[in-house]
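In what follows, a single structure is set out as C-alpha cells and then discussed.
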Amino acid sequence: MKIVIDISEAEYHLIKKLVASGGGNRQAILILGGTVLPKGHGRLYDEKVLHDYWGEKYDLPHIPCIIEADKENEND
C-alpha cells in the first residue's frame, strides 16, 4: 500500500534526528523510508488515467490528479 502524507520540513528533520539518535518507532522509520517530493513539483497524475484519456480529447486540466502542484513554490 502507498500512502501520501503531508508534514512540515521541520517535522521531517525532527523525525530524522530522533531515529538517528536511536529513538523513534516503526512509523517514524517508515516515514523516513518514503519519497520526498521536490519543492515546486507539478501536478502528479496516474499514468493509467492519462493513457485512458490519450485516445480521446486530451484536456489535462480536467483529468483528476493524485497530488496537486506545490503552488507555494511553483514558478509558473
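Here are the numbers for the structure shown:
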| quantity | calculated |
| --- | --- |
| Long-range neighbours under 6 Å by Cβ, at least six apart or interchain, first residue within 20 Å of residue 70 (Cβ to Cβ) within the stretch 36-53, second at pLDDT 85 or above and small (Gly, Ala, Ser) | 42/69; 43/69 |
| Test for residue 62: is it modelled with pLDDT under 90 and not basic (Lys, Arg) | yes |
| Residue list for the stretch 1-27, filter: touching a helix residue (DSSP H, G or I) at 6+ places or on another chain (Cβ under 8 Å), closer than 28 Å to residue 65 by Cα and modelled with pLDDT under 95 | 5, 7 |
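To keep it simple, each residue is scored yes or no on (1) surrounded by 13 or more Cβ atoms within 10 Å (Cβ to Cβ); (2) assigned to a loop (DSSP other than H, G, I, E, B); (3) touching a residue at least 40 places away in the same chain (Cβ under 8 Å); (4) in the same structural domain as residue 71 (by TED's automatic domain parsing).
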| site | (1), (2), (3), (4) |
| --- | --- |
| 5 | no, yes, no, no |
| 10 | no, no, no, no |
| 14 | yes, no, no, no |
| 30 | no, no, no, no |
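The values are calculated or read from the model by the stated rules, or taken from the named source; none is laboratory data. Everything numeric in this text was worked out from a predicted model, so none of it was measured. All Cβ positions, glycine included, derive from the backbone under ideal geometry; neighbour counts span all protein chains shown.
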